[in-house]
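Below is one structure, written out as structure tokens; comments come after it.
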2 protein chains.
Amino acid sequence: MKIAVLRERAEGESRVAATPETVGKFIGLGATVSVEEGAGLGSRIGDDQFVAAGATISPTVAIAVQGADIVLCVRRPSASTLTGVNPGALVIGALDPYGNEADVAALAQTGVTAMVMEFMPRITRAQVMDILSSQANLAGYQAVIEAAAVFERAMPMMMTAAGTVRPAKAFVMGAGVAGLQAIATAKRLGAVVSATDVRPAAKEQVESLGGKFIAVEDEEFKQAETAGGYAKQMSAEYQAKQAELTASHIAKQDIVITTALIPGRPAPRLITREMVESMAPGSVIVDLAAERGGNVELTQPGKVVDHNGVIIVGYTNVQGRIPTTASQLYARNILAFITTLIDAKEKKLAVNWDDELVKATVLTRDGAVVHPNFQQAAAAP
Amino acid sequence: MKIAVLRERAEGESRVAATPETVGKFIGLGATVSVEEGAGLGSRIGDDQFVAAGATISPTVAIAVQGADIVLCVRRPSASTLTGVNPGALVIGALDPYGNEADVAALAQTGVTAMVMEFMPRITRAQVMDILSSQANLAGYQAVIEAAAVFERAMPMMMTAAGTVRPAKAFVMGAGVAGLQAIATAKRLGAVVSATDVRPAAKEQVESLGGKFIAVEDEEFKQAETAGGYAKQMSAEYQAKQAELTASHIAKQDIVITTALIPGRPAPRLITREMVESMAPGSVIVDLAAERGGNVELTQPGKVVDHNGVIIVGYTNVQGRIPTTASQLYARNILAFITTLIDAKEKKLAVNWDDELVKATVLTRDGAVVHPNFQQAAAAP
């Protein structure tokens, strides 16, 4: 049983799908591990560290994937990257299929079984495999660090001989995993923190972290919590009311962090140009939804822009800006999933195709796109 | 009584010597205030805000200083910047005279009374005027923010579904004002913090902030505390012992912040190339002494460098990277001093040349360099 670990090819992707820690565990499960040369460098893991954990280093991707039963990656590899891969090999990663149907179809044609880590069901058993949570948690932390780094004032209240410095006011939009970590981190740094979310359950969570909850709490709000843990799309009427409340609140903030992402959709627009322009010069917005177009009208994905003195941070891979920790957790998520795909006694791959984790994550198999959300792509020529 | 506020000319200097808050106070003391156009922009203070506080805006420096009794600045202005200034005007700022004797002599020849804010005695009455403390405090805060921004891991311990992330280990060298704020800020962010200093009194302070104190605690150490609050230079023998202890400690750290500055001297060398090379790739050093050559052998003043994977941050004006707060406190320090130089009833300048604050800070007067520390410069042709 051979596991291959790819070097990432996407620009700015500094993470890696395995670490010396998880390589050691794979070997304990009876696998051999082939790591593509330099795969860990972006996360400060040298080839020598992988070798020390028991892996071999492959000088090319072709050698890494040759004969592999499992191919691990962060970003979706192109079909050409996988040239020579065994048909039937499992390709496991954050494959981001939405909006990339042509690439998914090409991937299917290689014959591999592509498994989408983002589709992992949000059930107790799969929490340890939940890359969305592990990475969003770090993005929420790093968003506050990025904000503090460009913010031109101190975050905490300071009592000095020359008088008091008031604490920064930070507002977090969206109190999911990223938002809650952003709240906690901004509180650590001494900011006065408020937050909003369309789910009523978030109110208690925000308050338990010391944040003030800001929302139009009408009937629709109370009914909005969905079983999947994600925010469903709210009515236009609610959105208008919420935008009005938000707008007046944002005008008074020093730092705003937006975290609203709905899987498979463009990011909802939470902050308009007018709201940005209502903020004082020197204020900072960090838009964690930049990768899907942004929650802020003026976000430029991948860039830090200054609009009339308001700094808008639009990095598209914020978790990738703390790659060492991000890779550590991502690799553990992957390890936990793979453990369910292996027969440890026989030391070989033993996928239970009826397991709900497998059914939820398999995107392509036997040359076709098989995931129900992508039947159209599968039907394409 | 006219007070002029200069726009700073030094590269990267974003601070300003007055704010709308202090301008209002000056006017309350009977002064008129002339602010050079754009003086506040680096600190996000628009000319309109100065006007709203009662100042007039001068389109050129010549107009600003014309007839001024007091000229306020952050950095030492060149003699040519002050062309047309009244002989006898007070020029008050962070004049940084050491090593700049030729510029100081030129300044003297303009006839102004230059007053060095860094020379303010460290006595209770002058605490509110202590720019070294107010700015060092912010530098210590910002040093940790800069470290977190380039650090590729999370600072706090994180308990996640995918397992625990260990907290970062941060080591602060020098537990003066900057060091103590760095300790406090690193603790806020969840790091495991240790610190060192040659003064025994620092041990208690470090521990009271939750840091672990690291020092060779021999007889010399116990006698090293000086009245001025600064570290006196230690013996070569002590330095060798301390360097040995420090070296073994540094090798295990993720983040090191150095803050050792002795006024008027080059920064002491605390971290050698070998110590840098003993740290793991991905570690971060922030050198707050970069402006005086650096505490770290490999620091490049003004730059962020990567030496074998260890990031060395050598910004020369770290407090200037949070200019809004830095200007706020600096301006308050200046205001407090000027209040002692004014007769509020008569609404005019009334300098008591025998006041110890004045005696300690006056650098030039009546065309000569008069400060005892600079008698040689005064004797120069």
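The values are calculated or read from the model by the stated rules, or taken from the named source; none is laboratory data. Quantities reported herein were computed from a predicted structural model and do not represent experimental measurements. No Cβ is skipped: glycine too gets one built from the backbone with ideal geometry, and neighbour counts run over all protein chains shown. Keep in mind that these areas ignore ligands, DNA and RNA; they rest on the heavy atoms of the full protein, side chains included. Shrake-Rupley method; radii C 1.70, N 1.55, O 1.52, S 1.80 Å.
Condition test on A:Val177, is it closer than 26 Å to A:Met155 by Cα and open to solvent by less than 20 Å² (accessible area, probe 1.4 Å)?
no
With the structure loaded, tell me whether B:Thr185 is β-branched (Val, Ile, Thr), within 14 Å of chain A (Cβ to nearest Cβ) and more than 23 Å from the chain's Cα centre (by Cα) or whether it fails that test.
Taking the combined requirement at face value, the residue does not satisfy it.
Which one of A:Val150, A:Val144 is buried (at least 21 other Cβ atoms within 10 Å of the Cβ) and modelled with pLDDT of 95 or more?
Result of the check over A:Val150, A:Val144: A:Val144.
Counting just the residues of the stretch B:340-357 that are under 12 Å from B:Ile70 (Cα atoms) and not basic (Lys, Arg), which one comes out surrounded by the fewest Cβ atoms within 10 Å (Cβ to Cβ)?
B:Ala350
Restricting the first residue to the stretch A:77-90 and requiring it to be farther than 20 Å from A:Ala10 by Cα, which pairs with a second residue that is open to solvent by less than 40 Å² (accessible area, probe 1.4 Å) and in a loop (DSSP other than H, G, I, E, B) meet a Cβ separation below 6 Å and a spacing of at least six or different chains?
A:Pro87/A:Gly111; A:Ala89/A:Ala68; A:Ala89/A:Val112
Can you name the condition, by its number, that B:Gln375 falls short on among (1) part of a loop (DSSP other than H, G, I, E, B); (2) open to solvent by 20 Å² or more (accessible area, probe 1.4 Å)?
Just one mismatch for B:Gln375, condition (1).
Look through the stretch B:32-45, keep the residues that are closer than 9 Å to B:Arg15 by Cα and open to solvent by less than 10 Å² (accessible area, probe 1.4 Å), and return whichever of them is nearest to the chain's Cα centre (by Cα).
The qualifying residue nearest to the chain's Cα centre (by Cα) is B:Ser43.
Among the residues of the stretch A:116-137, are any of a type in the set (A, V, I, L, M, F, W, C) and assigned to a strand (DSSP E or B)?
yes
Which of the residues that make up the stretch B:303-318 are in contact (Cβ under 8 Å) with a residue 60 or more places away in the chain and closer than 23 Å to B:Glu152 by Cα?
The answer is B:Val304, B:Ile311, B:Val313, B:Tyr315, B:Thr316, B:Val318.
Within the stretch B:327-346, can you find the residues that are over 17 Å from B:Phe50 (Cα atoms) and not β-branched (Val, Ile, Thr)?
Passing the criteria: B:Asn333, B:Ala336, B:Phe337, B:Leu341, B:Asp343, B:Ala344, B:Lys345, B:Glu346.
So is A:Lys203 part of a helix (DSSP H, G or I) and within 14 Å of another protein chain (Cβ to nearest Cβ) or not?
No, not satisfied.
Considering only the stretch A:51-69, state which residues are more than 17 Å from A:Pro20 (Cα to Cα) and either open to solvent by less than 20 Å² (accessible area, probe 1.4 Å) or among the hydroxyl-bearing types (Ser, Thr, Tyr) (or both).
Correct list: A:Thr60, A:Val65, A:Ala68.
Kindly evaluate B:Ala139 against the criterion of being within 14 Å of chain A (Cβ to nearest Cβ), touching a residue at least 24 places away in the same chain (Cβ under 8 Å) and out of contact with any Gly (no Cβ under 7 Å at 6 or more places or on another chain).
Here the answer is yes, as B:Ala139 does meet what is asked.
Looking at (1) closer than 22 Å to A:Gly176 by Cα; (2) at pLDDT 95 or above, find the lone condition where A:Gly111 falls short.
(1) is the only condition that A:Gly111 fails.
Filter the stretch B:203-249 for residues that are at pLDDT 85 or above, within 25 Å of the chain's Cα centre (by Cα) and open to solvent by 80 Å² or more (accessible area, probe 1.4 Å) and give the result.
B:Glu204, B:Glu207, B:Ser208
Within the group B:Val165, B:Val128, which residue is at the interface with chain A (Cβ under 10 Å from one of its Cβ atoms) and open to solvent by 30 Å² or more (accessible area, probe 1.4 Å)?
So the residue among B:Val165, B:Val128 that is at the interface with chain A (Cβ under 10 Å from one of its Cβ atoms) and open to solvent by 30 Å² or more (accessible area, probe 1.4 Å) is B:Val128.
Among the residues of the stretch A:67-92, which ones are assigned to a loop (DSSP other than H, G, I, E, B) and in contact with a strand residue (DSSP E or B) (Cβ under 8 Å, 6 or more places away or on another chain)?
If the condition is that a residue be assigned to a loop (DSSP other than H, G, I, E, B) and in contact with a strand residue (DSSP E or B) (Cβ under 8 Å, 6 or more places away or on another chain), then A:Gly67, A:Ala68, A:Asp69, A:Arg76, A:Pro77, A:Leu82, A:Val85, A:Gly88, A:Ala89 are the ones that fit.
Show me the strands (runs of 3 or more DSSP E) entirely contained within the stretch A:260-368 in which 1 or more residues are within 14 Å of another protein chain (Cβ to nearest Cβ) and over 22 Å from the mean Cα position of the chain (by Cα).
It comes to A:304-307, A:310-313.
Answer with yes or no whether A:Pro87 is more than 23 Å from A:Asn352 (Cβ to Cβ) and open to solvent by 40 Å² or more (accessible area, probe 1.4 Å).
No; evaluated as a whole, the condition is false for this residue.
Could you tell me which numbered condition A:Asp48 fails, if it satisfies all but one of (1) outside any loop (DSSP other than H, G, I, E, B); (2) open to solvent by less than 60 Å² (accessible area, probe 1.4 Å)?
Of everything listed in (1) outside any loop (DSSP other than H, G, I, E, B); (2) open to solvent by less than 60 Å² (accessible area, probe 1.4 Å), A:Asp48 misses just condition (2).
Tell me the residue from B:Lys187, B:Lys252 that is open to solvent by 40 Å² or more (accessible area, probe 1.4 Å) and outside any helix (DSSP H, G or I), please.
Of B:Lys187, B:Lys252, the one residue that is open to solvent by 40 Å² or more (accessible area, probe 1.4 Å) and outside any helix (DSSP H, G or I) is B:Lys252.
On the given criteria, is A:Ala102 outside any strand (DSSP E or B) and surrounded by 14 or more Cβ atoms within 10 Å (Cβ to Cβ)?
No.
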